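The values are calculated or read from the model by the stated rules, or taken from the named source; none is laboratory data. Quick caveat, the model's predicted, so the values are computed rather than measured. In this analysis, Cβ positions are derived from the backbone assuming ideal geometry, glycine residues included, and neighbour counts consider all displayed protein chains. Calculation scope for accessible area: heavy atoms of the full protein, side chains included, ligands and nucleic acids excluded. Shrake-Rupley method; radii C 1.70, N 1.55, O 1.52, S 1.80 Å.
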Amino acid sequence: MAGGRKKLDSYVIETVEHNGKPKNVSVYIGKLFAYDSPKLALRIRIFLCVIGFYLVATFFACGFSAFHNNVLYVLIPFVVLVVTAFLYVLSVIYLMSYGVLVKECDFGKTIERMRPVLIIHAVCSAVCAVGDVFFVAFDPAYSSMIHESVFIVFSALGCLAAIVGACAVKLLKFHEVENPETARIEKKREEQKEFDLLLELERKEKIKAQSKAANDARKKKKRK
């Protein structure tokens, strides 16, 4: 709840003129962060994209080419990989779309999400690989060793890729930069306050003048 409130406080609604008509637009006035090394950050982001494709590829390789059993201790973590792979790819898409600047409120669906998702993906992939080893070792009636070997290898590769990706995310370093919209909106607010103050003074002066005129009228009436 507090995070949602903080996100809302980072935006203001501004009325601008669009095609001759007033239009309300959302303006971000929160903190902005830039990469310490844009060139290195671009390489890391591309590498993280490759990791995403690799994770999806290993998942489908396991699903379509290797694993054909209903062993729960392998099937359950394998199903979890669907969620972790989807969340990771979604985070990479967000990260690539931000360009060189990242809003503070957007870290939650990119940097802060990617590492734990990758760690969970690595753990589940490792459980799949180890679980399938136990399945092959303790089920002598099962004869498709080639299929299960492929599943074990790709699960291990998926685990390794997730670990490497989690380490790569840590290499993305940021520093805070000035948000020009914040200064502009603050200046606009100050100007609006001054304008409102002048209007209030004019209103008070007008009321004072009206009151004085009414008093003068009453005095003249009494004299008559």
Legend entry - Cβ-Cβ under 7 Å pairs, at least 6 apart or on other chains, the stretch 68-89 side over 12 Å from GLY131 (Cβ atoms), far side open to solvent by 80 Å² or more (accessible area, probe 1.4 Å) and modelled with pLDDT of 85 or more: THR84/ILE120
Legend entry - Contacts under 9 angstrom Cβ, first residue in the stretch 33-52 being under 11 Å from LEU101 (Cα atoms) and touching a residue at least 24 places away in the same chain (Cβ under 8 Å), partner in a strand (DSSP E or B) and of a type in the set (Asp, Glu), 6 or more apart: PHE33/GLU176; ALA34/GLU176
Inset, instruction - Among the helices (runs of 4 or more DSSP H) lying completely within the stretch 67-173, list those that include at least 2 residues that are under 16 Å from the mean Cα position of the chain (by Cα), surrounded by fewer than 19 Cβ atoms within 10 Å (Cβ to Cβ) and not polar (S, T, N, Q). - result: 72-97, 111-137
Inset, instruction - Examine the stretch 35-45 for a residue that is loosely packed, with under 12 Cβ neighbours inside 10 Å, hydroxyl-bearing (Ser, Thr, Tyr) and within 21 Å of the chain's Cα centre (by Cα), and state whether such a residue exists. - result: no
Inset, instruction - Can you confirm whether the stretch 47-61 contains a residue that is under 14 Å from PHE154 (Cα atoms) and small (Gly, Ala, Ser)? - result: yes
